[in-house]
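For reference, the structure is listed below as structure tokens.
The values are calculated or read from the model by the stated rules, or taken from the named source; none is laboratory data. Worth saying up front: this structure is predicted, and the values here are computed from it rather than measured. Backbone-built Cβ (ideal geometry, glycine too); neighbour counts: all protein chains shown. What goes into the accessible areas is simple: the full protein's heavy atoms, side chains included, and nothing from ligands, DNA or RNA. Shrake-Rupley method; radii C 1.70, N 1.55, O 1.52, S 1.80 Å.
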Amino acid sequence: MRSPRWVVRAVAAAACVLGVWGAGLRSNVYPGNVSLDALGSESLLQVIKYLVERFLIGCDIMVLFDEGSGTAEAKAEALLKLGLPVVVVSLRGDGDSGPLEIPADSQFPGASDCPAYFIFADKAKSLRSLVESADFYSQLHYLGRFIFVTESAMGAPRLILDNPVMAWRPHALVITESGGVRRSSSYDVWSHEVFRDDVPERVHRVEKWRRGAAQLGAHLFPNKLGNFHGNVLRAVTFEHAPSIVEVEGHSAGHHYDGIDIRLLHILADALNFRLKIVNPSDGGKWGSPLDNGSWTGLTGDLTQRRAHMGVANLFIHIHYLEVVDMTVPYDMEFGCFITPLPEPLPQWVALSYPFSLQVWILTMVFLPVGTTLLYVASVAARFLLHDETWDGSFSRTVFYALGVFLSVGMPQVPRSNATRGYFIMWVWYGVLLTAVYRSSLTAFLTIPLTQTPIDTLHQLVSSSLPAWGATGLTFKKMLEENPDPMVQQLALRYEPVSGAEEGILLTAQRKYAMMENRQFLEYTIATNYTNKYGEETLHVMRECFLPFRIGMAMPKKAPYKPNLDRVVDRVVEAGLVRKWFSDILFSSRKRGTAGNEESRGGALTVDNLQGAWLLLGAGWVVSGAAIVLELLFASSRQQPRTGLHSATA
């Protein structure tokens with residue numbers, strides 16, 4: 001007669017077979033409600049239960065087992081009895097130690113913060129083949145918790161964990177029986193170190209299960225990438241100011257500075273790694289896709305994992321996200337046009353600048369009105385009050401009224417109190433107006449007079465510039481696809497250039513308007529198109545468009561992305577990115593104007609006094625014309641008199 005324990009085990013196994021595999025499904029969800037005491041592999045189940053309850057709370061549990069191994073299947077069936085909802089997938093193999101494959105119709109939870117995979121196989125070589133398969137890379141989440149349960153053969157943990165695939169999956173364990181005894185109640189739990197070159201053994205034992213309890217109490221899924229322990233990480237970049245600025249004078253020749261470089265150093269300090277900055281291996285820049293699906297430049301180095309991260313004012317765009325991962329954004333950029341400033345106005349226009357148009361209109365109105373009232377007051381005082389001896393003819397009154405504004409003293413003043421009262425108010429008005437004009441005129445005579453620059457897209461479209469554009473045709477497609485009709489009009493005169501330098505040079509020659517991100521344009525102006533007096537010769541339009549988020553790139557499924565995201569978020573919250581840009585812009589402006597030998601004295605030049613010369617010339621012309629007219633009219637008046645006297649005689 002068979003033992004009751006065997007009967008319980010047989011019933012449990014039959015229930016699993018009928019409920020799980022009898023239906024012919026390879027992926028299902030099982031609630032599981034059989035108690036732990038009714039299972040055969042009690043010690044292993046205790047280890048798994050310990051892992052689940054201590055480290056996998058809230059995780060999605062998935063069970064994968066070698067369908068060709070009865071032992072692996074039994075262990076997987078035992079796990080189903082823990083009462084957890086799990087997904088079960090049977091792995092297909094080609095015999096003993098053959099490669100394992102994940103069936104194409106397998107279904108795994110999509111978005112999950114904590115996927116956990118229990119993978120059962122008798123042979124470590126089979127698990128190694130599974131790890132190196134394409135389905136393992138594509139279907140199982142790279143940040144999941146991987147728990148491999150396999151044989152206790154020598155070197156099994158190293159075979160599974162010490163390979164390029166698992167080197168990028170930090171959360172992994174291997175459970176083996178101690179001493180190679182199949183029914184032993186002792187188990188060893190192994191883990192590995194990732195991105196570490198400073199340890200003698202990457203794979204090591206992290207926990208011992210003896211007599212039904214964990215002996216070491218270690219944290220089996222620590223944050224391994226919160227501290228790189230001083231190991232080297234490679235960052236690929238190239239010069240692209242102000243994000244990446246090459247600075248001379250370093251002991252090793254050249255070194256980089258800029259917003260992105262400072263962010264890299266912050267990351268290196270926070271995560272304790274040594275930073276090695278390299279240029280793209282093929283000498284390119286951002287890179288572009290090739291016909292065979294590979295990429296060149298910075299993106300190519302990341303896809304081939306020749307570098308751990310890449311920075312160069314990278315836009316978070318769908319084309320990049322298809323081949324690389326990117327951090328959370330740490331900056332926002334806008335596509336803006338840089339335009340030539342209008343030609344300065346001639347200096348004689350400065351005579352009209354102290355007053356606005358409204359003030360000039362009021363002045364021109366009050367001058368004839370006030371002069372007329374002064375004449376009326378003097379006439380009324382002379383003929384009505386009989387106490388005005390001042391010769392207040394209209395011509396003299398006009399000279400008096402203008403003399404107040406020109407600070408010209410007159411030899412005779414009004415004597416009547418009525419005329420004097422009005423005259424005092426008129427002088428007060430003239431002195432105030434003249435004082436304000438003089439004080440403002442000095443400033444306008446000493447500075448260049450600029451016109452209103454192009455600041456809106458409508459002004460750009462209406463301008464006389466023959467063309468505008470950017471490097472390549474990517475921006476033209478964005479302009480054509482934009483729903484704004486005004487933006488679409490920009491595509492009509494779009495002309496691509498070979499590089500930003502060519503576009504900005506054409507802009508300085510007033511033949512073009514270059515479109516780039518605002519920070520790059522502001523840096524270029526501060527460095528190359530600003531003199532030591534702070535005067536700029538190019539202008540960035542105020543109305544920008546095409547916003548882009550800026551992020552740091554890394555290889556696809558890089559496990560350290562969450563750690564980088566956490567530090568980047570703190571940098572943004574601290575406002576460091578804006579501060580770095582302001583500092584770099586200030587220092588670049590100082591460097592850009594250091595060699596400018598242009599000097600500007602404090603004395604006014606002939607050009608500053610254009611208005612004075614024009615007024616003097618106008619006075620000469622008017623006086624000369626008056627003399628000519630006087631002579632003509634005088635001779636014409638004298639001829640009739642001569643004839644009259646002759647006739648009388």
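Multiplying the residue separation of MET364 and GLU132 by 0.36 nm and subtracting their alpha-carbon distance yields 74.5 nm. Taking label points 7 Å from Cα along the Cα-to-Cβ direction, LEU576 and LYS511 give a separation of 4.4 nm.
Share of carbon and sulfur in the accessible area of region 180-325 stands at 48%, probe radius 1.4 Å. At full extension, ASP269 and ASN417 could sit 44.7 nm farther apart than now, given 0.36 nm per residue minus the alpha carbon distance.
With R₀ fixed at 22 Å, the C-beta to C-beta distance from SER395 to SER439 puts the FRET efficiency at about 0.10.
Ordering LEU159, VAL87, PRO103 by Cα displacement along the dipole of region 68-171 toward the positive end leaves LEU159 in first place; charges were set at the Cβ atoms of Lys, Arg (+1) and Asp, Glu (-1). The H on the amide N of GLY472, modeled in the peptide plane, is under 5 Å from the matching H of VAL497, each at least 5 residues off or on a different chain.
Residues whose amide H comes within less than 5 Å of that of ALA172, counting only those at least five positions distant or on another chain, are PHE146, HIS192 (H built at 1.01 Å from N in the peptide plane). Considering only C-alpha atoms, what is the centroid distance from region 251-309 to region 154-171, in Å? Distance between centres, Cα-based: 27 Å. Scanning residues 5 or more positions from GLU207 or on other chains, those with amide H under 5 Å from its amide H are VAL189, with H placed 1.01 Å from N in the peptide plane. Phi angles across region 222-230 convert, under the Karplus curve 6.51 cos²θ - 1.76 cosθ + 1.60 with θ = phi - 60°, into 3J(HN,Hα) values of x, 7, 5, 9, x, 8, 8, 6, x Hz, Gly and Pro given as x. In order along region 546-553, phi translates into HN-Hα couplings of 6, x, 9, 8, 9, x, 9, 9 Hz, rounded to whole numbers, per the Karplus curve 6.51 cos²θ - 1.76 cosθ + 1.60 with θ = phi - 60° and x for Gly and Pro.
For region 310-377, the solvent-accessible area works out to 47 Å² per residue, with a probe of 1.4 Å and every protein chain left in place.
Heavy-atom accessible surface of region 463-562, averaged per residue, reaches 46 Å², computed with a 1.4 Å probe. The loop-placed trypsin sites (Lys or Arg not before Pro) in region 541-579, going by DSSP, that have at most 13 neighbouring Cβ atoms within 10 Å of their Cβ come out as ARG542. Over all Cα atoms in region 235-299, the spread is summed up by Rg and Dmax: 13.6, 42 Å. Taking every protein chain into account, the 1.4 Å probe leaves GLU480 with about 100 Å² of accessible area, to the nearest ten. Here the Karplus relation 6.51 cos²θ - 1.76 cosθ + 1.60, evaluated at θ = phi - 60°, turns the backbone of region 433-444 into coupling constants of 5, 5, 5, 5, 5, 5, 5, 6, 5, 4, 5, 6 Hz, with x for every Gly and Pro. Distance between the pseudo-spin-label points of SER464 and ARG196 (7 Å out from Cα toward the beta carbon): 7.1 nm.
For region 553-579 versus region 230-248, the inter-centroid distance based on Cα atoms is 16 Å.
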